[in-house]
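The values are calculated or read from the model by the stated rules, or taken from the named source; none is laboratory data. For clarity, every value in this text was computed on a predicted model and none was experimentally measured. Quick reminder, even Gly has a Cβ in these numbers, built from the backbone with ideal geometry, and neighbours come from all protein chains shown.
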Amino acid sequence: MTRPLRVLGRPPVDVDAAASAVEDLMRALGMQPDDPALARTPQRVAAAFAELLGPRDFGLTTFPNDEGYDELVVARDIPFVSVCEHHLLPFVGTASVGYLPGARILGLSKLARVVELFARRPQVQERMTKQTANWLEDHLRPRGVGVVIRAEHTCMTLRGVRAQGATTVTSALLGSLREDPLSRAEFLSLAT
């Protein structure tokens, strides 16, 4: 079964081929995929990864800034799940995304959709933070953009150093949120 991922021109996901690869991986790790308890595990793992790596399509909804709103708009604690591109293990966290409107304002749900757009792929947190900020700057043309992402990486908490509870925080500030110290401080106080 092939599922298309239409976002950003990604190729379709071949879930059957992925399930076959998971079965091979299980065997290589000493598991018996024909054990009744594991019988559907390859298909479930393949479907789970297809879901984790497949953002939903969305359209950008903006509105004229008729009221001339010129203060920060911040959506805090947007939950996301991504997959570490180095270990294919999940990292889970929240994003706070804000902007200083220009001529247009954004439908608020789109801030969460943009976070999902960049989370649902093999990723590193630093890149995801910058991609989210750049996308908003390119598509909305606000006076400033800020993104703060806080996440726990299971590649660090479940293996290797096993630093349970450790979180990583990244930020990207563009426009006046980078250049103006007062705007920067205001955004960071609202975002964290």
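Which strands (runs of 3 or more DSSP E) sit wholly inside segment 12-111 and have at least 3 residues that are of a type in the set (A, V, I, L, M, F, W, C) and in contact (Cβ under 8 Å) with a residue 40 or more places away in the chain?
Counting at least 3 such residues, we get 73-84, 90-100.
Has segment 183-190 got any residue that is over 17 Å from the mean Cα position of the chain (by Cα), under 30 Å from Asn65 (Cβ atoms), among the polar types (S, T, N, Q) and not in a helix (DSSP H, G or I)?
Within segment 183-190 (the criterion being over 17 Å from the mean Cα position of the chain (by Cα), under 30 Å from Asn65 (Cβ atoms), among the polar types (S, T, N, Q) and not in a helix (DSSP H, G or I)), the answer is no, since none of the residues qualifies.
If you take the residues in segment 153-182 that are within 14 Å of His87 (Cβ to Cβ) and surrounded by fewer than 17 Cβ atoms within 10 Å (Cβ to Cβ), which one is nearest to the chain's Cα centre (by Cα)?
Thr154
What is the one condition in (1) of a type outside the set (D, E, K, R); (2) assigned by TED's automatic domain parsing to the domain that holds Thr154; (3) farther than 27 Å from Leu188 by Cβ; (4) surrounded by fewer than 16 Cβ atoms within 10 Å (Cβ to Cβ) that Ala48 does not satisfy?
For Ala48, the exception is condition (2).
Which condition breaks for Arg127 when tested against (1) free of Cβ contacts under 8 Å to residues at least 24 places away in the same chain; (2) crowded, with 18+ Cβ neighbours inside 10 Å?
Among (1) free of Cβ contacts under 8 Å to residues at least 24 places away in the same chain; (2) crowded, with 18+ Cβ neighbours inside 10 Å, Arg127 violates only (2).
With respect to Asp24, is the statement that it is modelled with pLDDT under 95 and not assigned by TED's automatic domain parsing to the domain that holds His139 true?
So Asp24 does not fit the description; no.
If I ask for residues that are out of contact with any helix residue (DSSP H, G or I) (no Cβ under 6 Å at 6 or more places or on another chain), of a type in the set (Phe, Trp, Tyr) and closer than 24 Å to Val147 by Cβ, which ones from segment 23-79 would you list?
Once the filter is applied, which keeps residues that are out of contact with any helix residue (DSSP H, G or I) (no Cβ under 6 Å at 6 or more places or on another chain), of a type in the set (Phe, Trp, Tyr) and closer than 24 Å to Val147 by Cβ, segment 23-79 yields Phe63, Tyr69.
Restricting the search to segment 53-90, which residues are under 15 Å from the mean Cα position of the chain (by Cα), closer than 29 Å to Ser183 by Cβ and at pLDDT 95 or above?
Of everything in segment 53-90, those that are under 15 Å from the mean Cα position of the chain (by Cα), closer than 29 Å to Ser183 by Cβ and at pLDDT 95 or above turn out to be Ala75, Arg76, Asp77, Ile78, Pro79, Phe80, Ser82.
Just to be sure I understand, how many residues within segment 131-155 are in a helix (DSSP H, G or I) and in contact with a Leu (Cβ under 9 Å, 6 or more places away or on another chain)?
The number of residues fulfilling the criteria is 11.
Output the number of the condition that Val115 fails; it satisfies all remaining conditions of (1) of a type outside the set (Asp, Glu); (2) at pLDDT 95 or above; (3) in a loop (DSSP other than H, G, I, E, B).
(3)
Please enumerate the residues belonging to segment 162-178 that are without any contact (Cβ under 8 Å) to a residue 24 or more places away in the chain and either of a type outside the set (D, E, K, R) or closer than 15 Å to Leu72 by Cβ (or both).
Result: Ala163, Gln164, Gly165, Ala166, Val169.
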